[in-house]
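Asks: Provided herewith is a single structure, encoded as C-alpha coordinates, for subsequent inquiry.
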Amino acid sequence: MRDWLLNAIKGLSLSEDALGYVLGRGIPHSLAEELRLGVWRVQDTRAPDPSFHTNGVMGHRLHDMLCVPIYSPRGVLLGCEFRNMVEKRVRKFYLDDVKWCPAFTGMCPSVFEKITHGCDVWLVEGMFDLCIAKALPKNHVVLAMGGARMKPQQFNFLKRF
(Lines give C-alpha, C1' and ligand atoms only; values in the text may rest on other atoms or scores of the structure.)
Protein backbone atom coordinates (compact mmCIF):
# COMPACT_ATOMS: atom_id res chain seq x y z
CA MET A 1 0.00 0.00 0.00
CA ARG A 2 2.88 2.35 0.78
CA ASP A 3 4.21 1.98 -2.77
CA TRP A 4 0.77 2.73 -4.20
CA LEU A 5 0.51 5.90 -2.09
CA LEU A 6 4.07 6.95 -2.92
CA ASN A 7 3.34 6.58 -6.64
CA ALA A 8 0.17 8.61 -6.22
CA ILE A 9 2.01 11.37 -4.37
CA LYS A 10 4.79 11.46 -6.98
CA GLY A 11 2.24 12.34 -9.63
CA LEU A 12 0.62 15.18 -7.66
CA SER A 13 1.20 18.88 -8.09
CA LEU A 14 -0.30 22.09 -6.79
CA SER A 15 -2.43 23.98 -9.28
CA GLU A 16 -2.20 27.76 -9.17
CA ASP A 17 -5.42 27.89 -7.12
CA ALA A 18 -4.22 25.21 -4.71
CA LEU A 19 -0.87 26.95 -4.26
CA GLY A 20 -2.72 30.18 -3.54
CA TYR A 21 -4.86 28.33 -1.00
CA VAL A 22 -1.83 26.81 0.75
CA LEU A 23 0.17 30.05 0.79
CA GLY A 24 -2.91 32.01 1.82
CA ARG A 25 -3.31 29.73 4.83
CA GLY A 26 0.25 30.61 5.84
CA ILE A 27 2.24 27.53 4.82
CA PRO A 28 5.69 28.59 3.54
CA HIS A 29 6.35 27.64 -0.09
CA SER A 30 9.52 25.73 0.87
CA LEU A 31 7.58 23.57 3.36
CA ALA A 32 4.82 22.88 0.81
CA GLU A 33 7.48 21.62 -1.60
CA GLU A 34 9.38 19.55 0.96
CA LEU A 35 6.18 17.89 2.21
CA ARG A 36 5.15 17.24 -1.43
CA LEU A 37 1.71 18.78 -1.05
CA GLY A 38 -0.47 18.26 -4.09
CA VAL A 39 -4.01 18.02 -5.40
CA TRP A 40 -5.24 14.43 -5.36
CA ARG A 41 -6.16 12.83 -8.66
CA VAL A 42 -8.02 9.58 -9.16
CA GLN A 43 -5.43 6.83 -9.64
CA ASP A 44 -5.23 4.39 -12.54
CA THR A 45 -5.13 1.33 -10.29
CA ARG A 46 -7.07 0.15 -7.27
CA ALA A 47 -5.66 0.74 -3.82
CA PRO A 48 -4.31 -2.61 -2.56
CA ASP A 49 -5.54 -1.98 1.00
CA PRO A 50 -9.34 -2.42 1.35
CA SER A 51 -9.37 0.01 4.29
CA PHE A 52 -8.55 2.80 1.79
CA HIS A 53 -11.61 1.93 -0.29
CA THR A 54 -13.84 4.17 1.87
CA ASN A 55 -12.16 6.92 -0.17
CA GLY A 56 -13.07 5.13 -3.39
CA VAL A 57 -11.15 2.13 -4.68
CA MET A 58 -8.93 4.45 -6.74
CA GLY A 59 -9.39 7.47 -4.49
CA HIS A 60 -12.24 9.06 -6.47
CA ARG A 61 -13.87 10.47 -3.29
CA LEU A 62 -10.68 12.46 -2.69
CA HIS A 63 -10.52 13.99 -6.18
CA ASP A 64 -9.41 17.66 -6.12
CA MET A 65 -8.68 17.58 -2.38
CA LEU A 66 -5.36 18.82 -1.02
CA CYS A 67 -3.18 15.80 -0.20
CA VAL A 68 -0.84 16.28 2.75
CA PRO A 69 1.61 13.37 3.12
CA ILE A 70 2.52 12.46 6.70
CA TYR A 71 6.07 11.22 7.25
CA SER A 72 7.95 9.54 10.08
CA PRO A 73 11.03 11.28 11.51
CA ARG A 74 13.14 9.12 9.16
CA GLY A 75 11.13 10.29 6.14
CA VAL A 76 9.04 7.13 5.67
CA LEU A 77 5.50 7.76 4.45
CA LEU A 78 2.97 6.98 7.21
CA GLY A 79 -0.20 8.13 5.49
CA CYS A 80 -1.98 11.20 4.16
CA GLU A 81 -4.44 13.83 5.22
CA PHE A 82 -6.87 15.05 2.59
CA ARG A 83 -8.46 18.49 2.88
CA ASN A 84 -11.27 19.95 0.86
CA MET A 85 -10.19 23.43 -0.22
CA VAL A 86 -13.73 24.82 -0.46
CA GLU A 87 -15.48 23.58 2.66
CA LYS A 88 -14.03 22.28 5.92
CA ARG A 89 -13.88 18.55 5.29
CA VAL A 90 -10.90 16.40 6.23
CA ARG A 91 -10.21 12.73 5.61
CA LYS A 92 -7.20 10.81 6.88
CA PHE A 93 -5.59 7.53 5.91
CA TYR A 94 -2.73 6.01 7.89
CA LEU A 95 -0.64 2.92 7.25
CA ASP A 96 -0.18 0.38 10.06
CA ASP A 97 3.24 1.82 10.97
CA VAL A 98 1.48 4.72 12.67
CA LYS A 99 0.61 2.38 15.55
CA TRP A 100 4.23 2.47 16.73
CA CYS A 101 5.83 5.38 14.84
CA PRO A 102 5.24 9.04 15.74
CA ALA A 103 3.25 10.88 13.07
CA PHE A 104 3.39 14.67 12.91
CA THR A 105 2.22 16.91 10.10
CA GLY A 106 5.16 19.06 9.12
CA MET A 107 7.79 16.40 9.79
CA CYS A 108 10.30 16.32 6.98
CA PRO A 109 14.07 15.75 6.73
CA SER A 110 15.02 19.39 7.41
CA VAL A 111 12.76 19.54 10.49
CA PHE A 112 14.08 16.26 11.88
CA GLU A 113 17.65 17.44 11.41
CA LYS A 114 16.91 20.61 13.40
CA ILE A 115 15.32 18.51 16.16
CA THR A 116 18.37 16.24 16.40
CA HIS A 117 20.52 19.35 16.79
CA GLY A 118 18.50 20.46 19.81
CA CYS A 119 16.18 23.10 18.43
CA ASP A 120 12.99 24.01 20.27
CA VAL A 121 9.81 22.28 19.10
CA TRP A 122 6.45 24.03 19.11
CA LEU A 123 3.37 21.81 18.99
CA VAL A 124 0.15 22.87 17.31
CA GLU A 125 -3.11 21.12 16.57
CA GLY A 126 -3.56 21.12 12.81
CA MET A 127 -1.72 21.58 9.56
CA PHE A 128 -2.46 25.23 8.99
CA ASP A 129 -1.32 26.10 12.50
CA LEU A 130 2.17 25.39 11.15
CA CYS A 131 2.09 28.96 9.84
CA ILE A 132 3.35 30.22 13.22
CA ALA A 133 6.79 29.06 12.08
CA LYS A 134 7.12 32.40 10.29
CA ALA A 135 7.07 34.20 13.65
CA LEU A 136 9.62 31.95 15.34
CA PRO A 137 13.42 32.11 15.33
CA LYS A 138 15.08 30.04 12.58
CA ASN A 139 16.32 27.44 15.08
CA HIS A 140 12.75 26.50 16.15
CA VAL A 141 10.37 24.08 14.42
CA VAL A 142 6.62 23.58 14.50
CA LEU A 143 4.90 20.20 14.32
CA ALA A 144 1.16 19.56 14.09
CA MET A 145 -0.15 16.68 16.20
CA GLY A 146 -3.10 15.93 13.91
CA GLY A 147 -5.67 16.81 16.54
CA ALA A 148 -6.07 18.36 19.96
CA ARG A 149 -4.29 15.58 21.82
CA MET A 150 -0.85 14.08 21.89
CA LYS A 151 -0.49 10.39 21.13
CA PRO A 152 1.90 8.28 23.24
CA GLN A 153 4.21 7.74 20.22
CA GLN A 154 4.46 11.52 19.75
CA PHE A 155 5.18 12.07 23.44
CA ASN A 156 7.87 9.38 23.51
CA PHE A 157 9.55 10.81 20.40
CA LEU A 158 9.68 14.32 21.88
CA LYS A 159 10.91 13.01 25.23
CA ARG A 160 13.83 11.26 23.48
CA PHE A 161 14.98 14.49 21.85
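The values are calculated or read from the model by the stated rules, or taken from the named source; none is laboratory data. All of these numbers come straight from a predicted model, not from anything done at the bench. Heads up, the Cβs are rebuilt from the backbone with ideal geometry, glycines too, and the neighbour counts pull from every protein chain shown. Accessible surface is based on the protein model in full, side chains and every heavy atom, while ligands, DNA and RNA are left aside. Shrake-Rupley method; radii C 1.70, N 1.55, O 1.52, S 1.80 Å.
Asks: How much of the DSSP beta bridge set in the chain is antiparallel, as a percent to the nearest 5?
Replies: 75 percent
Asks: With a ≥ b ≥ c taken as the square roots of the eigenvalues of the C-alpha gyration tensor of region 34-104, please select rounded if a/c is under 1.5 and otherwise prolate if a/b is larger than b/c or oblate if it is not?
Replies: Verdict is oblate for region 34-104.
Asks: Scan (i) 24.0, 93; (ii) 19.4, 63; (iii) 15.3, 44 for the value of Rg and Dmax of the Cα atoms in Å calculated from this model and give just the label.
Replies: (iii)
Asks: Total Lys pairs in the chain closer than 28 Å by alpha-carbon, pairs eight or more apart in sequence or interchain only?
Replies: The result is 24.
Asks: Between residue 161 and residue 91, what length comes free when the chain is fully extended (0.36 nm per residue of separation minus the Cα-Cα distance, one decimal in nm)?
Replies: 22.2 nm
Asks: Taking the Cα centre of region 35-161 as origin, work out the dipole magnitude from +1 charges on Lys and Arg Cβ and -1 charges on Asp and Glu Cβ, in debye rounded to 20.
Replies: 140 debye
Asks: For residue 1 and residue 53, compute 0.36 nm times the residue count separating them, minus their Cα-Cα distance, and round to one decimal in nm.
Replies: Gain on stretching residue 1 to residue 53: 17.5 nm.
Asks: Further question: Calculate for the chain the 222 nm mean residue ellipticity that helices alone would give, adding -39,500 (n - 2.57) per DSSP H run of length 4 or more and normalising by residue count, nearest 500 deg cm²/dmol.
Replies: -7000 deg cm²/dmol
Asks: Compute the accessible area per residue over region 1-66, keeping the other protein chains in place, probe 1.4 Å, unit Å².
Replies: Using a 1.4 Å probe on heavy atoms only, each residue of region 1-66 averages 54 Å².
Asks: Please say if region 69-161 is rounded, prolate or oblate, where rounded means a/c under 1.5 for a ≥ b ≥ c the square roots of the C-alpha gyration tensor eigenvalues, and otherwise the choice is prolate for a/b larger than b/c and oblate otherwise?
Replies: oblate
Asks: When the accessible area of region 1-58 is computed with all protein chains present and a 1.4 Å probe, what percentage of it is carbon and sulfur?
Replies: 50 percent
Asks: Still on this structure, please answer the following. If you find the alpha carbon centre of region 25-43 and of region 120-141, how far apart are they in angstrom?
Replies: 17 Å
Asks: Next question. For region 67-161, with all protein chains present and a 1.4 Å probe, just round the carbon and sulfur fraction of the accessible area to a whole percent.
Replies: Whole-percent figure for carbon plus sulfur exposure: 55.
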